[in-house]
1. So is S132 polar (S, T, N, Q), at pLDDT 85 or above, on the phi < 0 side of the Ramachandran plot and assigned to a loop (DSSP other than H, G, I, E, B) or not?
2. Within segment 25-39, does at least one residue satisfy the condition of being over 16 Å from S8 (Cα atoms) and either assigned by TED's automatic domain parsing to the domain that holds K145 or without any contact (Cβ under 8 Å) to a residue 12 or more places away in the chain (or both)?
3. Among the candidates Q143, Q134, single out the residue that is of a type in the set (S, T, N, Q) and either without any contact (Cβ under 8 Å) to a residue 40 or more places away in the chain or in contact with a helix residue (DSSP H, G or I) (Cβ under 8 Å, 6 or more places away or on another chain) (or both).
4. Residues that are in contact with a strand residue (DSSP E or B) (Cβ under 9 Å, 6 or more places away or on another chain), at least 1 per element: which helices (runs of 4 or more DSSP H) completely within segment 1-57 meet that?
5. When you go through (1) assigned to a loop (DSSP other than H, G, I, E, B); (2) farther than 18 Å from L9 by Cβ; (3) of a type outside the set (V, I, T) one by one for R77, which number turns out not to apply?
6. Tell me whether segment 106-120 contains one or more residues that are assigned to a loop (DSSP other than H, G, I, E, B), of a type in the set (G, A, S) and in contact with a helix residue (DSSP H, G or I) (Cβ under 7 Å, 6 or more places away or on another chain).
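The values are calculated or read from the model by the stated rules, or taken from the named source; none is laboratory data. Small disclaimer: the values here were computed from a predicted structure and weren't measured. Virtual Cβ from ideal backbone geometry, glycine too; neighbours counted across all protein chains shown.
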Amino acid sequence: MKSDRVESLKRLEKICHARGMPLTSQRSMVLEVLLQRDDHPTADQVLEAVRSRSPRISRRTVYRVLDTLAELGLIRRVHHPGARARFDAKMHRHHHLVCTRCNRIVDLESRRFDDIALPKGKSHGFKVYDYSVQLVGICPDCQKKQGRGKDSPSGLFHSDKENLEKNSAQDS
């Protein structure tokens, strides 16, 4: 893992040099923070972590650096409906488990998903160049909390039960 961090920081330096951009301490610091995390932090969570190292850094600077790092292809934004963007420094193809209750995102390495063939040509006008699969469900922590809740006797909401039953039938 340490070598991945070193390689990513060297890549930042090379890209900045090639584009005539300064390699700022802020860019390095934000990238380092993301490389040390695997919880897909929001911009505000990155800001909090960066401020623990550099208390005077502004929110605007951190947000701008996140945008720049994403544009440079050093990090990616992870989106899912109804939640704020989160950031991921893992640039290799991997997939995510997304909790619909707490918005937690967990990395999922899967050769089965990696081997999905990209559509040939344009699909609905899109030129597809990459993909990742997001499996949506309820994380273990939220399942435990639901067990004490009043959602339904099984701890799942009606729409969750329908999706679970549909997916279970397809897997059979």
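1. yes
2. No; the residues of segment 25-39 include none that is over 16 Å from S8 (Cα atoms) and either assigned by TED's automatic domain parsing to the domain that holds K145 or without any contact (Cβ under 8 Å) to a residue 12 or more places away in the chain (or both).
3. The match here is Q143.
4. 25-35, 43-53
5. (1)
6. The answer is no, given that none of the residues of segment 106-120 is assigned to a loop (DSSP other than H, G, I, E, B), of a type in the set (G, A, S) and in contact with a helix residue (DSSP H, G or I) (Cβ under 7 Å, 6 or more places away or on another chain).
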